[in-house]
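So the structure is just underneath, and the comments pick up after that.
Computed from the coordinates by the stated procedures, all read-outs in this text should not be read as laboratory data. A quick note: this is a predicted structure, and the numbers were derived from the prediction, not measured. Heads up, the Cβs are rebuilt from the backbone with ideal geometry, glycines too, and the neighbour counts pull from every protein chain shown.
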Amino acid sequence: MFIPLNSTNYLGELMYNVLAIDDDINFLKNLTSVLRYNNYRTQTANNPFEVINLLQKERFHCVLLDVQMPGMDGLSLLKEIKERFPAIPVIMVSGRSTLAVAVKAIKQGAFDFLEKGADLDRLLITLNNAIEFYNWQKERDVLINELIGQYRMVGQSSAMKKIFNQIDFVAPTDSTVLITGETGVGKELIARAVQLKSKRSTKPFIRINCAAIPETLIESTFFGHKKGSFTGAVKDQPGKFELADGGTIFLDEIGELPVQAQAKLLNVLQDGEIETIGATESKKVDVRVIAATNKDLNALMAEKKFREDLFHRLNVFHIHVPPLRERIKDIPLLVDHYLKFYAEEYNKKILGISPEGLNILLEYDWPGNVRTLKNILSRAVMFARSNIISSEEISLALEMDDHKTWYSGKSMSLSEFLEFQEKHFLRQTLLMCNGNKQMAAQKLNVDRATLWRKLKKYRLDFES
Ligand SMILES: Nc1ncnc2c1ncn2[C@@H]1O[C@H](COP(=O)(O)OP(=O)(O)OP(=O)(O)O)[C@@H](O)[C@H]1O
Ligand SMILES: [Mg+2]
């Protein structure tokens with residue numbers, strides 16, 4: 001299909017392309033000159049086949065369509081245009097209109113309905129609004145596509161294939177979704193995918209991190225408050241549920257929500273109504289809920305830390321994301337995806353990873369899942385001295401991640417600490433010996449078999 005760029009007039013200004021369809025040749029003539037005078041490019045047509053043909057060949061910003069024409073029913077043509085070119089706004093124009101026809105046209109997707117006798121300003125304003133709407137829709141689609149790119153999920157394991165199917169299945173429904181899985185497996189990414197593939201994709205997506213709100217502020221954060229309803233409530237503040245009206249709310253770390261707040265949340269899920277603090281009446285909201293947690297909700301329920309009724313309300317559709325170590329088939333794809341991503345970010349030419357390097361990644365147990373894999377690859381690309389990432393660069397990046405865990409103050413047993421130190425020492429010695437294991441064994445005063453075993457244990461088996 002050939003789509004010419006927007007036309008410009010002799011001053012180089014952008015001219016919008018309008019298609020006018022009418023059987024009244026005089027009307028079309030007048031219209032064309034008025035529109036040209038107002039800087040629109042107008043094409044005319046008077047038979048339906050020509051209309052579809054023109055719309056296929058050229059880009060139009062708006063269609064002006066007569067309702068009654070001999071041998072052609074404007075409303076049927078409207079239907080066809082909307083089916084085949086849903087983005088193009090169609091303004092219906094009629095000589096003898098009735099309200100019933102106008103209503104029908106709007107119901108069928110017409111942007112507006114005008115009478116032929118209506119003054120010119122009205123026509124121009126409507127046309128201008130329709131084109132603004134068209135441009136806004138295009139911009140929105142570009143942004144949504146960018147978001148889809150940003151939130152792109154990759155995977156080829158059977159677990160990920162199942163998840164992709166689940167997303168496609170549940171997204172178009174309004175069902176509540178519960179996403180579970182360890183930290184860094186991609187729960188938020190899945191929530192975004194559900195929203196972007198739903199009919200709410202252009203509506204707000206509001207994330208609430210339930211773990212990050214102080215208990216005393218939860219109700220106000222969720223449902224808002226009225227001015228003066230408590231000390232410090234200096235103005236009306238809408239809650240997140242109100243802000244998400246028409247869209248999606250993502251309750252992240254739902255397992256951290258205190259039991260009292262769970263009861264309030266349950267009420268909203270049951271009635272679809274929120275009670276703003278200090279308001280006299282409750283308010284209806286239309287919000288789709290997606291919740292995620294890395295906690296074992298069954299265990300929390302057994303300890304009475306999570307309400308069973310709330311669990312059942314949330315668990316209408318459950319997506320469980322297995323940890324990365326249980327779906328290592330995804331690793332090569334993720335590596336490829338993120339090597340490209342970071343190579344572009346750091347402006348480096350990276351062709352891939354050595355088989356030994358990939359092996360280290362396949363054998364690692366990924367406690368931080370995809371998030372850690374991303375960090376490792378980001379560092380490996382940063383260190384890369386050639387366009388193939390070596391196993392040594394991967395080992396180095398992995399080791400830094402261990403350090404991060406250590407410095408992050410994570411509690412460690414004595415044996416974990418000793419192993420951590422041993423691994424670090426072995427790696428330093430190997431680096432000093434340029435990877436020569438024989439020499440390293442001598443320096444460490446251990447036999448080769450012992451060194452080999454330890455290198456394997458700590459995945460320090462880099463190229464020598
Ligand atoms: N299948 C995937 N494809 C591409 N990127 C992924 C995939 N899964 C996760 N990621 C990336 O890994 C990072 C962590 O994902 P995300 O934040 O969705 O995890 P999470 O499960 O919400 O973690 P947490 O429980 O810690 O909040 C993100 O940067 C995300 O883009
Ligand atoms: Mg998350």
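Laid out as a table, the results:
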item	result
Neighbour-count order for 366, 452, fewest beta carbons within 10 angstrom listed first	452, 366
Anchor residue 456: aspartates and glutamates whose Cα lies under 12 Å away (excluding residues fewer than 8 positions away in-chain)	363
Eligible aspartates and glutamates near residue 107 by straight Cα distance, threshold 18 Å, same-chain separation 8 or greater	66, 73, 80, 83, 115
Residues residue 359 and residue 209, FRET efficiency given R0 of 35 Å [Cβ-Cβ distance, rounded to 0.05]	0.45
Beta bridge orientation in the chain: antiparallel %, DSSP, nearest 5	15
Between 0 and 90°, nearest 10: helix 331-345 axis offset from the chain longest Cα axis	70
Flagged links, alpha-carbon separation over 29 Å, of 329/457; 199/240; 161/283; 187/226; 82/340	161/283; 187/226; 82/340
Extension gain (nm, one decimal) between residue 135 and residue 385, 0.36 nm per residue minus Cα-Cα	85.4 nm
Rounded tilt (10° steps) of 48-57 against the dominant C-alpha axis of the chain	40
Local electrostatic count at residue 264 - Lys and Arg +1, Asp and Glu -1, tallied over other residues with Cβ under 9 Å	-2
Residue-averaged [θ]222 nm for the chain, counting only DSSP H segments that reach four residues, each worth -39500 (n - 2.57)	-15000 deg cm²/dmol
Residue exposure sequence - 61, 318 - by fewest surrounding Cβ within 10 Å	318, 61
Projected label distance in nm at residue 303 and residue 217, using a 7 Å step from Cα toward the beta-carbon	2.5
Taking 91, 131, 21 and counting other C-beta atoms within 10 Å, the order from fewest to most	131, 91, 21
Modelled FRET efficiency - R0 35 Å, residue 283 with residue 161, Cβ distances, 0.05 increments	0.25
Overall form of the stretch 7-144 per C-alpha gyration tensor (a/c, 1.5; a/b vs b/c)	rounded
Pairwise centroid distance, computed over Cα atoms, of the stretch 285-347 with the stretch 19-35, Å	57
Beta bridges by DSSP in the stretch 155-322, antiparallel share as percent, to the nearest 5	20
Members of 349/423; 203/284; 104/203 lying beyond 20 Å, as alpha-carbon distances in this model show	349/423; 104/203
